[in-house]
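All of the numbers you see were taken from the coordinates with simple rules; none came from a lab. Computed from a predicted model, the values in this text were never measured in an experiment. Here the Cβ positions follow ideal geometry from the backbone for every residue, glycine too, while neighbour counts run over all protein chains shown.
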Amino acid sequence: MRLIFLGPPGVGKGTQAQKLSAQLRIPKISTGDILREAVSKKTALGLDARSFMESGKLVPDEVVIGIIRERMIEADCRKGFILDGFPRTEPQARALALMLNRDRPGLDRVLNFELSETELVRRLSGRRSCPNCQAVYHVELNPSRNPDRCDRCDGKLIQRSDDHPETIRKRLEVYQAQTLPLIRFYEGQGVLTRIDGSGSPDGVYQRVMSAVGKLP
Ligand code: AP5
């Protein structure tokens, strides 16, 4: 199954993609995670990407398209994948279509997660993540058992450097200007399903499962 998870920052794409990836046994490919790892390892990619990410802007298209092109030829993608946070611009969506349509028709479904801006800001402001295993928590909505430590691997939880108020505001503006047009793009191809992102993570997951045909 080839899926894209689309939606604004903080809507819960990563949380849902992680669950579905474990259930379907297909990889979750998050450009955000790949870029953050490069930043923390101070690779050439990370050094290039850092200032864009910290100011809430998008990393240039050619950089992220290159990342996805390399990742998708790995063997674990043969059975399918969930793209989380890619594509985010029309040039990225067109580049992806070229990559996918080479062998067989492109995508099974694009899930577009929707949530009010107030709730997005609340989710982003309280997020804590584990840099070790990428688990995601929220200080009130989904806290770890031991504050500051990851339930899964006991790593020290951090607040992402782009989850501060001014950067959150910028990311939401960038989403409106550059990513929102993709809803029409995929609607036009007849592959878009809208998912209400409100309510508990389990409640949202039921909607995801129903959209990908795993529930009646
Ligand atoms: P990226 O890491 O992709 O960030 P994002 O799209 O802004 O999305 P987030 O990770 O912030 O949110 P999410 O929807 O995954 O929500 P989550 O599940 O964590 O990108 C970061 C940066 O990298 C970009 O700004 C850009 O610079 C660069 N970048 C990445 N991809 C790029 C691309 N393709 N092109 C160019 N640049 C790119 O949930 C959020 C919080 O809410 C958590 O605390 C979670 O516990 C909580 N939560 C989740 N679901 C629920 C629920 N149902 N109820 C209550 N709480 C919930």
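Tell me the net charge near Glu54. Cut-off is 12 Å between Cβ atoms, Glu54 excluded, with +1 for each Lys or Arg and -1 for each Asp or Glu.
Numbers: positive: Arg36, Arg50, Lys57, Arg160, Lys170, Arg171; negative: Asp162, Asp163, Glu166.
With Lys, Arg at +1 and Asp, Glu at -1, the neighbours total +3.
What share of Cα pairs, in percent, lie more than 16 angstrom apart in the stretch 55-100? Within the stretch 55-100, distances greater than 16 Å cover 36 percent of Cα pairs.
Determine the gain in length on full extension of the stretch Lys42-Ser200; use 0.36 nm per residue of separation and subtract their C-alpha separation, reporting nm with one decimal. Walk me through the numbers before you get to the answer.
Working: separation 158, 0.36 × 158 = 56.88 nm, distance 3.60 nm.
Taking Lys42 through Ser200 to full extension adds about 53.3 nm, to one decimal.
Note on the chain: along the principal axes its Cα atoms extend 46, 45, 34 Å, ordered by decreasing extent. FRET efficiency for the Gln23 to Glu62 pair, using the beta carbon distance and R₀ = 25 Å, is estimated at 0.15.
The dipole here belongs to the chain: it is taken about the Cα centre, uses +1 on the Cβ of Lys and Arg and -1 on the Cβ of Asp and Glu, and is about 440 debye.
Let me spell out the model: positive unit charges on the Cβ of Lys and Arg, negative unit charges on the Cβ of Asp and Glu, origin at the Cα centre of the stretch 59-174. What dipole size does that give, in debye rounded to 20?
Details: 21 positive and 20 negative charges, 51 e Å.
Value, rounded to 20: 240 debye.
Look at the dipole of the stretch 124-216 built from charges on Cβ: of Gln134, Leu157, Gly199, the Cα furthest out on the positive end belongs to Gln134. Placing a label point 7 Å from the Cα of Thr118 along the Cα-to-Cβ direction, the residues of the stretch 193-208 whose backbone N falls under 19 Å of that point are 196-200.
Hey, quick one: spin label on Cys133, modelled 7 Å out along Cα-Cβ, who in the stretch 11-28 has an amide N within reach, i.e. under 19 Å? Correct set: 14-28.
Order 70-76, 57-63 from most to least packed using the mean count of other Cβ atoms within 10 Å. Don't skip to the answer; put the middle values down first.
Details: 70-76: 12.1, 57-63: 16.1.
The peptides rank, most packed first, as 57-63, 70-76.
For the chain, what is the mean residue ellipticity at 222 nm derived from helices alone (per DSSP H run of n ≥ 4: -39500 (n - 2.57); sum divided by total residues; nearest 500 deg cm²/dmol)? Provide the component values of the computation, followed by the final result.
Details: 9 runs with 94 residues, N = 216.
Mean residue ellipticity at 222 nm (helix-derived): -13000 deg cm²/dmol.
Contact order for the chain, expressed relative to its length and based on alpha carbon pairs under 8 Å spaced 6+ residues apart, stands at 29 percent. How would the stretch 93-216 be classified by its alpha-carbon gyration tensor: rounded, prolate or oblate, with rounded meaning a/c under 1.5 and the a/b versus b/c comparison settling the rest? Here the stretch 93-216 falls in the prolate category. For a straight C-alpha distance cut-off of 19 angstrom, the aspartates and glutamates reachable from Lys79 (same-chain residues fewer than eight places away being disregarded) are Glu70, Asp103, Asp108. The lysines within cross-link reach of Lys170, meaning a Cα-to-Cα straight distance under 22 Å and a gap of 8 or more places when in the same chain, are Lys13, Lys57. The charge dipole of the stretch 1-105, taken about its Cα centre with unit charges on the Cβ of Lys, Arg, Asp and Glu (plus for the first two, minus for the last two), comes to roughly 320 debye.
So between Glu74 and Arg169, what do we pick up on full extension, going 0.36 nm a residue minus the alpha carbon distance?
Details: separation 95, 0.36 × 95 = 34.20 nm, distance 3.53 nm.
In short, 30.7 nm is gained.
Can you pull a Stokes-Einstein diffusion coefficient for the stretch 172-216 at 25 °C (0.890 mPa s), Rh from Kirkwood over Cα pairs, as a whole number of µm²/s? Display every interim value, and only then the final one.
On the way: Rh = 12.2 Å.
For the chosen part, D equals 202 µm²/s.
For Ser30, the residues whose modelled amide H falls within less than 5 Å of its own, excluding neighbours fewer than 5 places apart on the same chain, are Asp84.
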